[in-house]
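Some notes on the structure that comes next.
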Amino acid sequence: MTSSAQTNPSLSPAAGVRTGAAVAAAAVMAVALALRFLALGHEGLWCDEAYTAQLAARPLGDMLTTLIRFDDAPPLFYLLVKLQLALTGNSEAAVRLIPALAGAGAVSILLVRWMRSARRADFWAAAFLGTAVYGVFYARQGRSYTLVMLLALGVILCSQALLRRRSPRAGPGLAVLGTLLCLTHHLGAVLLFISLILWPLRRGRDLSLPRWLLWHALPLAIWAAWLVFSASQLRVHAELNSWMGAYWEGRSLLLAPLLSLGIFVPGVLPPSWLAVTFPVLREASPLWPILSGIAAVICLGALGLRGRRGSASESEDGKDVWIEAAFALLPLVALTIASLLTTPVYVLGRTDAIAYPAFALLIGRGLARLPRAGAAVAWLFWTVLTLAVLAPSFGAGDAQRAKGADRQLALDLRTEGLTSGDWLVHTYLTAPSLEYYLERLGTQHGVVYFPEDAGRNPAAVQTAALDSLPVYLRQAFTLRSYLESRLPERHSLWVLAVLGPQARPDLLRAVPPPGTVVTSSDLAYPMSLLVYAFRGTEPVPGVRFYRQDWVGGNRVAVRIPRRKWVPLKDLPPVQPAAGAEGQSR
């Protein structure tokens, strides 16, 4: 008698394996999609995300000019967002759509590889990439880093396929994806240079050096052409991230790669060291990242174990591990060297995104070498950690930790009477998110910036040195002169400022109620000079005291009616407060 399995191919053991694999892949993909798309618009846009939305909304020529002169980014991400927002509108979820799609795309690539090859490492890498907090965090941010990860993963896989003789079509793929990566972020060139030096790890001698050089030279040449066309961008990168220099003053840059690996998990390191990327962990128990770090160490340690006998999915050449390790570590080393030789361009949790896909591949290999139950427990733990860390962005957990202060401030200003005819003075980092929401509320008003360079790139910050007092004082009076002929008597000037460390203690101990008065001496330099130029040392009621989303400092919004400006002849002499400091990000 013939068995049913023999007569019905759909019931064969192989079909059962394929069905199980499809179910597992669908489950991982469903979790990855849920983590990226559920409540995607719940949180408000913070400064950098709103900058993405506003830059993409500009006319094409204006957008490209701004990128070239005042930004540090190639144009591809912003071009994609511009096209997409024209179709979907500019809601919070829409601004984050491309990053969420890019994150899901990276997971799907690894799952398709697993379905084709049955290598368990690909499945576990997809599972880790789909649920670990670092990838999910950036997939829910309206910034380019998830697109960088997607394209970097493609470059790594194409480079690996060429080196290991797995696909003759990987060369064009490497050239195309490398070009797209370099046009998304300058970090793409770092990854391509790392790939270039891995030629000695090739299998056999079929891959000639000229052909290898060709696939890398094409994207690097296009990147170099863009860099020549926008020659100031590398310098601007260092200026925009000058706030990171203060972070490194208390830590050795030599530890930067270790800190990045800790952020990738997150684990190993105390939560305060991870606060650069995950603000929610500032007050979290250290037990979570410690356990997460231990799990990652176990996975990476398992890379030294021999694969199961007869398992095709575990019979990978050991050089594959070295290739992925090179892509995970060498970019971090290169960023460290560049920071040591120039300025601190190593931005934790951002520039290290270029190494994250290779790290995920290594974690996947480690999980594949563990018993299935152990691998599943580690993956489940990382998923729960992601839910705990990012719960506020889904509308769960502590609502105070969710972004939304900038959205609320815009509503408060409108409620308090900001209207057409009034003028709003922005300083560093305040404009993108607040103007995004004021525009959506239909609140018309004039906009000026102080200091003047705050308007060049409103998502950047510059340190204000005390020896710049004459320059900023001149700018403050110039602004007053400019507004005297434009602000009607019945209207007001609104100013957003940071409270300085020299402010009255009652202003810093807790969030004061609206109406609490401040004076120019309570404000951080140089905004203290601006308020002085209009009110001298007279008190001004604070309309709202607040903390801006993910931007440092206790802040206040004040309203100065035109009729209450102090006459210039009555302004007292300027007396700089001892120890007054500029704001920090």
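The values are calculated or read from the model by the stated rules, or taken from the named source; none is laboratory data. Given the structure is predicted, the values throughout are model-derived calculations rather than measurements. Here the Cβ is made from the backbone with ideal geometry for all residues, glycine too, and neighbour counts use every protein chain on show.
Tell me, which residue of the stretch 510-533 that is surrounded by fewer than 17 Cβ atoms within 10 Å (Cβ to Cβ) and of a type in the set (Gly, Ala, Ser) is nearest to Gln475 (Cα to Cα)?
Gly515
Among the residues of the stretch 406-423, count how many are crowded, with 20+ Cβ neighbours inside 10 Å and part of a helix (DSSP H, G or I).
5
Could you identify the single residue in Trp494, Trp565 that is farther than 25 Å from Ala460 by Cβ and buried (at least 18 other Cβ atoms within 10 Å of the Cβ)?
Answer to the check: Trp565.
Working only within the stretch 424-474, note down all residues that are modelled with pLDDT under 90 and in a loop (DSSP other than H, G, I, E, B).
Arg456, Asn457, Pro458, Ala459, Ala460, Val461, Gln462, Thr463, Ala464, Ala465
I'd like to check something: does the stretch 429-438 contain any residue that is hydroxyl-bearing (Ser, Thr, Tyr), surrounded by 24 or more Cβ atoms within 10 Å (Cβ to Cβ) and in contact with a strand residue (DSSP E or B) (Cβ under 9 Å, 6 or more places away or on another chain)?
Checked the stretch 429-438: at least one residue is hydroxyl-bearing (Ser, Thr, Tyr), surrounded by 24 or more Cβ atoms within 10 Å (Cβ to Cβ) and in contact with a strand residue (DSSP E or B) (Cβ under 9 Å, 6 or more places away or on another chain).
From the list Gly542, Gly515, Gly553, Gly579, exactly one residue is in contact with a Ser or Thr (Cβ under 8 Å, 6 or more places away or on another chain) and modelled with pLDDT under 95. Which is it?
Result of the check over Gly542, Gly515, Gly553, Gly579: Gly553.
Going residue by residue through the stretch 350-364, is there one that turns out to be on the phi < 0 side of the Ramachandran plot, free of Cβ contacts under 8 Å to residues at least 24 places away in the same chain and in a helix (DSSP H, G or I)?
No, there is no match, as no residue in the stretch 350-364 is on the phi < 0 side of the Ramachandran plot, free of Cβ contacts under 8 Å to residues at least 24 places away in the same chain and in a helix (DSSP H, G or I).
Do we have any residue at all in the stretch 56-76 that's β-branched (Val, Ile, Thr), part of a helix (DSSP H, G or I), over 30 Å from Arg369 (Cα atoms) and in contact with a helix residue (DSSP H, G or I) (Cβ under 8 Å, 6 or more places away or on another chain)?
Yes - at least one qualifying residue is present in the stretch 56-76.
Of the residues that make up the stretch 482-505, is at least one within 21 Å of Tyr449 (Cα to Cα), of a type outside the set (Phe, Trp, Tyr), assigned to a loop (DSSP other than H, G, I, E, B) and under 35 Å from the mean Cα position of the chain (by Cα)?
Yes, the stretch 482-505 contains a residue that is within 21 Å of Tyr449 (Cα to Cα), of a type outside the set (Phe, Trp, Tyr), assigned to a loop (DSSP other than H, G, I, E, B) and under 35 Å from the mean Cα position of the chain (by Cα).
Of the residues that sit in the stretch 326-347 and are within 18 Å of the chain's Cα centre (by Cα) and β-branched (Val, Ile, Thr), which one is modelled with the highest pLDDT?
Checked the stretch 326-347; the qualifying residue modelled with the highest pLDDT is Val347.
Filter the stretch 512-560 down to the residues that are within 30 Å of the chain's Cα centre (by Cα), among the polar types (S, T, N, Q) and in a loop (DSSP other than H, G, I, E, B) and list them by number.
Passing the criteria: only Gln548.
Among the residues that make up the stretch 216-230, is at least one of them modelled with pLDDT under 80 and crowded, with 19+ Cβ neighbours inside 10 Å?
No, that holds for no residue.
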